[in-house]
Amino acid sequence: MKYFSNNKEASVKHNRIKKNLNSILLFLLFAGPVVFIWFSVVIIPFLYGIGITFTDWNGLSINVNFIGVSNYIEVFTDSVFFGAFLKTVLYVIFSVIISNLTGFLLALAVTSGIKGQGLFRTGFFTPNIIGGIILGYIWNFIFSYALTGLGKSLGIDFISTSWLTDPHKALAALIIVTAWQMSGYLMVIYIAGLSSVPKELLEAASIDGASRWAVVKKVKIPLIRNSITICVFLSIIRTFMSFDVNLSLTAGGPYKSTELIAYKIYQTAFTKMDFGVGQAQAIVLFGIVTVISLAQVYFTRKGRE
Amino acid sequence: MKKRMVNIVIILVLISAMLTGCAGKNNNEVTNNSNSSPESVNSNSGNEADEVAAGTDTEEAIEISFYTTETGKDDLFLDLIEHFEETNKNITVEYIAAGDDQLQKWMSLYASNDGPTVALMDPINIFENQERMKAYNTTECPWLDNVYEDSLSAFTYDGQVYGIPGTAAGFGLLYNQRVLDEAVGGTFDPATIKTRSALKELFDKIESTGVAASMFTGVNWSLGAHYLGMVYGGYRGDVTERVSFAESEKNGTADLANDSVFNAYMDTFDLIAEYNYNKEDPLVGNVNIDAEAFATGKVGTWFMGDWAWTYIAGIDGADSEYGILPIPVSDNEDDLFNTVIPTSYAKGYCIDASQNTESQQMAGQKFVEYLCTDAYAQQEMIAACGQALPYKNCTATVESKLGQATASYIEKGLTYDFYGTADLLPSDFWYENGAYMCEYLAGACDRETLANNIASYWKERN
């Protein structure tokens, strides 16, 4: 009897091991490559970056000294960094609002059944697949030469000098280009949301005599709340981290008036060759973006409940 | 619980595998590692190294890399590498073109344990990372005598030479000969401009012909590194005096707003700004468009350097004769600095000793030797860059009119070394102060504010 009992136990144990092995193999097969890549390009560099913030490394030197939290103290007492942060907040607010509004309106337009809407979708999405650097150079030419040429020939003072050489207009130019690039991308997400709105509801609303605006306000917007959350979240993250357009469109100019936070970090690390401070600035930016993004997701969800 | 443990084990195994993969080169291959002192970096005594240095044919194939921060010269360097490899069969040179940001690319290469064997870098970058560099010495590199001694000063630290200068660049007010001939009603002679007032008279004459007199390209590198850089240059005195002034700025004892050298250069800056072709929108700054305006005679003079030949040479309908005028600093005809131009050796070839084996370092030296001494390399370099080379055996002639102008000043002894020493101006000097200079050019601040901003920059570097 005992023999049978032991045999059964061994068999159960064997099955359990086999099951575990299968789980491991399945994990390695499906999640393994992703986990490997995630660790390689996100987690390890992130931890390595945190380590650098406690050193005086210049990005190249062989001798590296541990200097505690000095870099963080420098970041929090740096008025220029704080100024870049405020400019970035201004840029983020306007870019997020304009690009989301534009993206939503474009999505409404191309889902309304107009002729050639497929072509319009492709056209509006195209700016997003042009790299930020290229886009910046194209718009640099437009603002500096095409528009100024037009302004001079038509006698329009507002555009007869380059927007990129005026501190206020340059930030506005940066917002316009960002919104132009991002709205097509957001449009695609809004289209997905709008396509999932049940047709019966829209028909019921129209039978009840609801106006177009009322349908949008009372039916479509409440039902695409998830898309709005995703779009706002993505646009906040992308604009806070904005670098490529900043580099190629204004390069922080005129006289550092459009130096956004990511560009400032880049300059600290690669021009000033103060890698420790630059990395500390990046960690602070990471913290800020995390808090803002989580707060946005939390409040949007709370609003839905 | 067990399942969680299994997952943790798997993750740990993955991390170990990754770290093993990232371990990179065998440290034994490299003469220097992170624990080595700079002294050990610069010493080499291996037999293998001696063989390469002596030029003996070894069967061992050596692969080296060459990173250049010169943009637009890829064809030139690829051609030179091909020529070098023809006569050095066992050496293969991998060419790494300049990135969007020269320092970022350089740092990325080092971060991936792939530091270039030979790199063409700014003196300040070599200075700040000299612990990684191999010092040149006449025992291993007898060809060092072929390089003009003066040109080595910006690459020499503590008596050791860490870089070999590339081309010699002269800068000042470039002029279009045809435009100025028409303005003065004859053949314009640059020697007639000996004072600021004479320059103003010339500007008036140019304007009277309906052509803009002068031009600034409103970009931070031109106004910050080159124009403001002159305030810390030869007019202040010898290298000791220049360093002393920079130190006094750092410790806050200097009074830049009332500094005679600063004001001398800024008075001339105001004069050029007054006659600026880009006056309506001074910061629109596009060097290609400005070059076109200058070359086609829309403007008579342009604050730039002889490297502008790279932009001018291919322009349709460009004039053929150009020259360089010094930036006058006073109204005193006897003031030597009204007649001299600054020349700089803005980039030099350095050799990495921290991530390259001894044999690679020696092969790198051979490559630098080739670039500095070979007649074909010199000829091609001069043709592509349009600038003079600081090598004694160089017989190639400069075709660039601007390069010829610099060479003419050098021949007459009317030049001074712009840098003097590599560590005079920090690596971000051009970016930070270039922004202040742009602000001043745009009329958004007065000279006192400019001086205070520059003073604040220096104090932060203390």
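How many of the residues in segment B:417-444 are more than 16 Å from residue B:229 (Cβ to Cβ) and surrounded by fewer than 18 Cβ atoms within 10 Å (Cβ to Cβ)? Lay out the reasoning, then the answer.
Pass one, segment B:417-444, residues more than 16 Å from residue B:229 (Cβ to Cβ): B:439, B:442-444.
Narrowing further to those that are surrounded by fewer than 18 Cβ atoms within 10 Å (Cβ to Cβ): B:443-444.
Residues meeting the conditions: 2.
Just one of B:414, B:402 is crowded, with 21+ Cβ neighbours inside 10 Å, away from chain A (no Cβ under 14 Å) and more than 30 Å from residue B:445 (Cβ to Cβ); which is it? Before the answer, list the steps.
Values: B:414 fails: crowded, with 21+ Cβ neighbours inside 10 Å.
That would be B:402, the only listed residue that is crowded, with 21+ Cβ neighbours inside 10 Å, away from chain A (no Cβ under 14 Å) and more than 30 Å from residue B:445 (Cβ to Cβ).
May I ask you to verify whether residue B:391 is touching a residue at least 40 places away in the same chain (Cβ under 8 Å) and closer than 30 Å to residue A:278 by Cα?
Working: touching a residue at least 40 places away in the same chain (Cβ under 8 Å): yes; closer than 30 Å to residue A:278 by Cα: no.
No, not satisfied.
Counting just the residues of segment B:87-112 that are within 9 Å of chain A (Cβ to nearest Cβ) and either in contact with a Phe, Trp or Tyr (Cβ under 8 Å, 6 or more places away or on another chain) or hydrophobic (A, V, I, L, M, F, W, C) (or both), which one comes out farthest from residue B:70 (Cα to Cα)?
If we take residues in segment B:87-112 being within 9 Å of chain A (Cβ to nearest Cβ) and either in contact with a Phe, Trp or Tyr (Cβ under 8 Å, 6 or more places away or on another chain) or hydrophobic (A, V, I, L, M, F, W, C) (or both), then B:111 is farthest from residue B:70 (Cα to Cα).
Among the residues of segment B:280-325, which ones are surrounded by fewer than 24 Cβ atoms within 10 Å (Cβ to Cβ) and within 14 Å of chain A (Cβ to nearest Cβ)?
Those that are surrounded by fewer than 24 Cβ atoms within 10 Å (Cβ to Cβ) and within 14 Å of chain A (Cβ to nearest Cβ): B:280, B:281, B:282, B:284, B:286, B:287, B:288, B:289, B:292, B:293.
Residues A:148, A:126: which one is hydroxyl-bearing (Ser, Thr, Tyr), more than 14 Å from chain B (Cβ to nearest Cβ) and at negative phi? If you could, list the steps in order and put the result at the bottom.
On the way: A:148 fails: more than 14 Å from chain B (Cβ to nearest Cβ).
None of the others qualify; the one that does is A:126.
Looking only at helices (runs of 4 or more DSSP H) that lie completely in segment B:382-462, which have at least 1 residues being among the hydrophobic types (A, V, I, L, M, F, W, C) and touching an Asp or Glu at 6+ places or on another chain (Cβ under 8 Å)? Don't jump to the end; show me each part of the working.
On the way: elements: B:401-412, B:429-441, B:447-460.
Once the helices (runs of 4 or more DSSP H) in segment B:382-462 are filtered for at least 1 residues that are among the hydrophobic types (A, V, I, L, M, F, W, C) and touching an Asp or Glu at 6+ places or on another chain (Cβ under 8 Å), what remains is B:401-412, B:447-460.
If a residue has to be out of contact with any His (no Cβ under 9 Å at 6 or more places or on another chain), open to solvent by less than 30 Å² (accessible area, probe 1.4 Å) and under 23 Å from residue B:180 (Cα atoms) to count, how many in segment B:326-358 make the cut?
Result for segment B:326-358: 8.
Among helices (runs of 4 or more DSSP H) lying entirely in segment B:4-119, which contain 3 or more residues that are modelled with pLDDT of 90 or more?
Values: elements: B:38-42, B:47-54, B:74-87, B:102-111.
Of the helices (runs of 4 or more DSSP H) lying wholly inside segment B:4-119, those with at least 3 residues that are modelled with pLDDT of 90 or more span B:74-87, B:102-111.
Step by step: first the residues of segment A:249-273, then only those that are at the interface with another protein chain (Cβ under 9 Å from one of its Cβ atoms) and either among the hydrophobic types (A, V, I, L, M, F, W, C) or part of a helix (DSSP H, G or I) (or both), then the one that is farthest from the chain's Cα centre (by Cα). Which residue is that?
That would be A:273.
Going through segment A:155-177 one residue at a time, which ones are more than 10 Å from chain B (Cβ to nearest Cβ), open to solvent by 40 Å² or more (accessible area, probe 1.4 Å) and under 11 Å from residue A:257 (Cβ atoms)? Break it down into steps so the answer makes sense when it comes.
Here is the first cut: in segment A:155-177, the residues more than 10 Å from chain B (Cβ to nearest Cβ) are A:155-159, A:163, A:168-169, A:171-177.
Right, trim to open to solvent by 40 Å² or more (accessible area, probe 1.4 Å) and you get A:155-158, A:168-169, A:176.
Once the filter is applied, which keeps residues that are more than 10 Å from chain B (Cβ to nearest Cβ), open to solvent by 40 Å² or more (accessible area, probe 1.4 Å) and under 11 Å from residue A:257 (Cβ atoms), segment A:155-177 yields A:168, A:169.
Check segment A:166-187 and report whether any residue there is over 21 Å from residue A:104 (Cα atoms), assigned to a helix (DSSP H, G or I) and among the hydroxyl-bearing types (Ser, Thr, Tyr).
no
Take segment B:350-387 and flag every residue that is of a type in the set (A, V, I, L, M) and within 24 Å of residue B:401 (Cα to Cα). Let's see the steps before the verdict.
From segment B:350-387, those of a type in the set (A, V, I, L, M) are B:351, B:353, B:362-363, B:368, B:371, B:375, B:377, B:381-384; that's our starting set.
The answer is B:371, B:375, B:377, B:381, B:382, B:383, B:384.
Run down A:244, A:274 and say which single residue is touching a residue at least 24 places away in the same chain (Cβ under 8 Å), of a type in the set (Asp, Glu), surrounded by fewer than 20 Cβ atoms within 10 Å (Cβ to Cβ) and touching a helix residue (DSSP H, G or I) at 6+ places or on another chain (Cβ under 7 Å).
On the way: A:274 fails: surrounded by fewer than 20 Cβ atoms within 10 Å (Cβ to Cβ).
Exactly one residue qualifies, and that residue is A:244.
Which residues, counting only those in segment A:135-145, are within 12 Å of chain B (Cβ to nearest Cβ) and open to solvent by 60 Å² or more (accessible area, probe 1.4 Å)? Talk me through it step by step, then tell me what you get.
The first filter runs over segment A:135-145 and keeps only residues within 12 Å of chain B (Cβ to nearest Cβ), leaving A:136-137, A:140-141, A:143-145.
Selection gives A:137, A:141.
Cβ-Cβ below 6 Å, separation at least six or inter-chain, first residue in segment B:201-222 and within 14 Å of chain A (Cβ to nearest Cβ) and under 17 Å from residue B:266 (Cβ atoms), second open to solvent by less than 70 Å² (accessible area, probe 1.4 Å) and part of a loop (DSSP other than H, G, I, E, B): which pairs?
Filtered contacts from segment B:201-222: B:218/B:282; B:218/B:283; B:218/B:285.
Is at least one residue of segment A:56-67 farther than 19 Å from residue A:268 by Cβ and away from chain B (no Cβ under 14 Å)? Walk me through how you get there before you give the answer.
Quick first cut of segment A:56-67, residues farther than 19 Å from residue A:268 by Cβ only: A:62-63, A:66.
Checking the rest, the ones that are also away from chain B (no Cβ under 14 Å) come to A:66.
Looking for residues that are farther than 19 Å from residue A:268 by Cβ and away from chain B (no Cβ under 14 Å), one finds at least one in segment A:56-67, hence yes.
Among residues belonging to segment A:27-38 that are of a type in the set (A, V, I, L, M, F, W, C) and open to solvent by less than 60 Å² (accessible area, probe 1.4 Å), point out the one that is farthest from the other protein chains (Cβ to nearest Cβ).
From segment A:27-38, those of a type in the set (A, V, I, L, M, F, W, C) are A:27-31, A:34-38; that's our starting set.
Those still in the list that are open to solvent by less than 60 Å² (accessible area, probe 1.4 Å) too: A:27, A:31, A:35.
Numbers: A:27: 6, A:31: 9, A:35: 6 Å.
Checking each candidate, the answer is A:31.
Please specify each residue of segment B:129-164 satisfying the condition of being aromatic (Phe, Trp, Tyr) and more than 30 Å from residue A:56 (Cβ to Cβ). Break it down stepwise before answering.
First, the residues of segment B:129-164 that are aromatic (Phe, Trp, Tyr): B:136, B:143, B:148, B:155, B:157, B:162.
Result: B:143, B:148.
What residue, of B:336, B:371, is among the hydrophobic types (A, V, I, L, M, F, W, C) and assigned by TED's automatic domain parsing to the domain that holds residue B:109? I'd like the intermediate steps shown before the answer.
Values: B:336 fails: assigned by TED's automatic domain parsing to the domain that holds residue B:109.
The match here is B:371.
The values are calculated or read from the model by the stated rules, or taken from the named source; none is laboratory data. What you see is a predicted model, and the numbers here were worked out from it, not measured in a lab. Cβ atoms come from the backbone with ideal geometry, glycine included; neighbour counts cover every protein chain shown. Note: areas computed on protein heavy atoms with side chains; ligands, DNA, RNA excluded. Shrake-Rupley method; radii C 1.70, N 1.55, O 1.52, S 1.80 Å.
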